[in-house]
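Structure first, commentary second.
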Amino acid sequence: MKFLVTGANGFVGKPLCAELLLRGQSVCAAVRSVNSLIQKGDATIVGSIDGETNWRDALHDIDVVIHLAARVHVMKDDAADPLSEFLKVNLHGTENLARQAVQAGVKRLVYVSSIKVNGDNATQAYLESDTPNPQDPYGISKWHAEEALRRIAQEIGLEVVIVRPPLVYGAGVKGNFISLMTAIDKGIPLPLAGANNLRSLLYVENLVDALIACATHSAAAGQTYLLSDGEDVSTAMLVEKIATALGRKSCSFYFPPSVLSAAAAVLGRSAQVDRLFGSLQVNNQKIRNELGWCPPFTLEHGLRATADWY
């Protein structure tokens, strides 16, 4: 079986390509430029991804596409029309790839969407059957891409599998997670001991394993799956676990969350505080039941590996 992996040089793409090659699969890595070519396997430079991207060379003899490349969520977006920019890549780029994949004879496309399609700060664990409720341009663009892929599957017969991961961590992680690790490593006091929320996380190697299962299991065709490590933690507990993985003493202390939220609102930092104190849980029972998938790595293992890389 030959796989095309888009975004092959990214945070998820690198370990995914490595694991596919380790399992004896043939891989074509789609990258934007010659500077981002991976070391092993075939590679094709496709340039920027949008509704006009030419995928012909990349799709030659491909059986399965795993589509990782996307315009990713950022805390502050300087684009004049953020939704339009997200749709250009995440919707039109995805739909264009899927239609060219069908023409090239590709059997299956695995699309990495986002739990943001379900929403933010739920009061109970999200399920695949929940009504989508994306709250920002990134989530909206991912939802529209899912809808487009389902239409293509119905019209043309392409096997589409959609996965919605929550926050993914591991070697190479960026954003808020690496900022939190840095603060803990430096012993910076954090007012997070009062965070009694629950959040689902996903170690990147668990995501890689799930993507391969979705690409190869016959029962996955046409399905949507929510993924997680299977162990939900509060932010306070996560701080303790990261400190342990780093071999550091946690400097977390209690500060009333309500006061923090009020201060954050004044400073325009409500989104950051919401991520620290809000809950976002994922129920991954469907993929366990239908594909027999179980996360091969625990949360502790993932955090240790991330700490070792850091």
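The values are calculated or read from the model by the stated rules, or taken from the named source; none is laboratory data. Because the structure is a prediction, the values reported are computed rather than measured. Glycine gets a Cβ as well: all are built from the backbone with ideal geometry, and neighbour counts include every protein chain shown. All accessible areas refer to the heavy atoms of the entire protein, side chains included, with ligands and DNA or RNA removed. Shrake-Rupley method; radii C 1.70, N 1.55, O 1.52, S 1.80 Å.
Below are the figures for this structure:
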read-out: DSSP-assigned coil residues among trypsin sites (Lys or Arg not before Pro) in the range 194-269, each with at most 15 further Cβ atoms within 10 Å; value: Arg248, Lys249, Arg269
read-out: The range 73-163: translational diffusion in µm²/s, Stokes-Einstein, Kirkwood Rh over Cα pairs, 25 °C, 0.890 mPa s; value: 176
read-out: Binned Cα-Cα distances of the chain, short to long, each 20 Å bin given as a whole percent; value: 32, 58, 10
read-out: Solvent exposure of the range 216-307 as accessible area per residue, Å², 1.4 Å probe; value: 49
read-out: Sparse-neighbour loop sites [chymotrypsin sites (Phe, Trp or Tyr not before Pro); the range 209-298; at most 15 other C-beta within 10 Å; DSSP]; value: Phe253, Tyr254
read-out: Relative intensity, log₁₀ I(q)/I(0), of the range 32-188 from a Debye sum that treats every alpha carbon as a point, q = 0.16, 0.18, 0.20 Å⁻¹; value: -1.03, -1.22, -1.38
read-out: Amide N proximity, the range 1-31 versus Asp42 label position 7 Å along Cα-to-Cβ, cut-off under 14 Å; value: 1-6, 25-31
read-out: Which listed pairs, of Lys2/Lys107; Lys174/Lys249; Lys116/Lys142; Lys186/Lys249; Lys14/Lys174; Lys186/Lys241, have C-alpha distances above 18 Å, in listed order; value: Lys174/Lys249
read-out: Percent breakdown of C-alpha pair distances by 10 Å bin, ordered from the shortest bin, for the range 157-223; value: 16, 35, 26, 15, 7, 1
read-out: Whole-percent carbon and sulfur share, accessible surface of the chain, 1.4 Å; value: 51
read-out: Binned Cα-Cα distances of the range 204-294, short to long, each 5 Å bin given as a whole percent; value: 2, 11, 16, 15, 13, 13, 12, 9, 6, 3, 0
